[in-house]
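For reference, the structure discussed in these notes is given below.
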Amino acid sequence: MKLRYSQTSPFVRKVLMVAHEIGLADRIELSPTDVWSPDSPIVRENPLSKIPTLLTDDGMVLFDSPVIVEYLDSLHDGAKLIPPTGPARWTALRQQALGDGICDAGVLRRVEGLRPPNLRSAEWDNRQRAAIFRTFDRLEVDARDLPDPDQPNVGSLAVLSAMGYMDFRFAHEPWRTGRPALAHWFEAASKRPSFLATLPPTE
């Protein structure tokens, strides 16, 4: 398999954490991809020109991260990271949506910050920031529903990736303040080998 990726994408990181957790990381060839380049091969594979994009061994092209995660989870015989049925399934998928939503808003803020100053919208940035911190507030309220760090699922990995992205791109806006349950959970969960193996570059 080949994964079109960037080391700084939180969605890629979620996919790679999943791959590490289920023992498939060694089967994935990582292909650095510049989605902004007009001649990037990704435009022929994914009309959205977004990462992550997975090229499977049998010729399929899969996107975006929830689809890739579900595909990878189907390739192993161990405990599934996406619970198959019942309330556990919907809780995990809801947590994935919350984690991905934080990352969506964070990436939008990052892109907005790269625009020329005269074209940036403070209103747009504030809207995305508010969405991020409302979501962290909800996760704090529901922190008891987060899986034990030693028993991760797709929801906890998505939330973990979102927290890591905030530390990476928005360290000046600490999400831990006023959220002790989340901070405690992250302290333990961030020690997982899958998290440590997928750290973004330091510069």
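The values are calculated or read from the model by the stated rules, or taken from the named source; none is laboratory data. For clarity, every value in this text was computed on a predicted model and none was experimentally measured. Ideal geometry is used to build each Cβ from the backbone, glycine not excepted, and the neighbour counts take in all protein chains shown.
Quick notes on this structure:
- L81 meets the conditions (1) outside the structural domain of L160 (by TED's automatic domain parsing); (2) within 21 Å of P149 (Cβ to Cβ); (3) under 14 Å from the mean Cα position of the chain (by Cα); (4) not aromatic (F, W, Y) in every case but one. The failed one is (3).
- Subset of the stretch 38-64 that is without any contact (Cβ under 8 Å) to a residue 24 or more places away in the chain and among the hydroxyl-bearing types (S, T, Y) - its residue that is surrounded by the fewest Cβ atoms within 10 Å (Cβ to Cβ): S40
- On the stretch given as the stretch 1-45, residues that are of a type outside the set (D, E, K, R), over 27 Å from K80 (Cα atoms) and in a loop (DSSP other than H, G, I, E, B) total 7.
- Filter result for R138 (of a type in the set (D, E, K, R) and closer than 29 Å to K80 by Cβ): yes
- Residue that is nearest to the chain's Cα centre (by Cα) [pool: residues in the stretch 145-199 that are among the hydroxyl-bearing types (S, T, Y) and under 14 Å from L98 (Cα atoms)]: S161
- Of residues in the stretch 99-139 being under 14 Å from M166 (Cβ atoms) and among the acidic types (D, E), the one surrounded by the fewest Cβ atoms within 10 Å (Cβ to Cβ): D137
- Counted as qualifying within the stretch 154-197 are the helices (runs of 4 or more DSSP H) with 2 or more residues that are at pLDDT 95 or above and charged (D, E, K, R), namely 154-169.
- Here D148 qualifies as exposed (fewer than 14 other Cβ atoms within 10 Å of the Cβ) and of a type in the set (D, E).
- Single residue of V18, V12, V35 found to be at pLDDT below 95, buried (at least 16 other Cβ atoms within 10 Å of the Cβ) and outside the structural domain of R192 (by TED's automatic domain parsing): V35
- Residues located in the stretch 1-51, provided they are hydroxyl-bearing (S, T, Y) and in contact with a helix residue (DSSP H, G or I) (Cβ under 7 Å, 6 or more places away or on another chain): Y5, S6, T33, S49
- L24, sole failed condition from (1) buried (at least 17 other Cβ atoms within 10 Å of the Cβ); (2) under 19 Å from the mean Cα position of the chain (by Cα): (1)
- Criterion: outside the structural domain of G23 (by TED's automatic domain parsing), free of Cβ contacts under 8 Å to residues at least 40 places away in the same chain and in contact with a Ser or Thr (Cβ under 9 Å, 6 or more places away or on another chain) - qualifying residue of A183, A158, A122: A183
- Residue check: V67 meets all listed conditions (1) farther than 30 Å from R129 by Cβ; (2) surrounded by fewer than 18 Cβ atoms within 10 Å (Cβ to Cβ); (3) modelled with pLDDT of 95 or more but one, namely (1).
- Subset tally (residues that are farther than 20 Å from Q95 by Cα and either touching a Gly at 6+ places or on another chain (Cβ under 9 Å) or polar (S, T, N, Q) (or both)) for the stretch 169-197: 3
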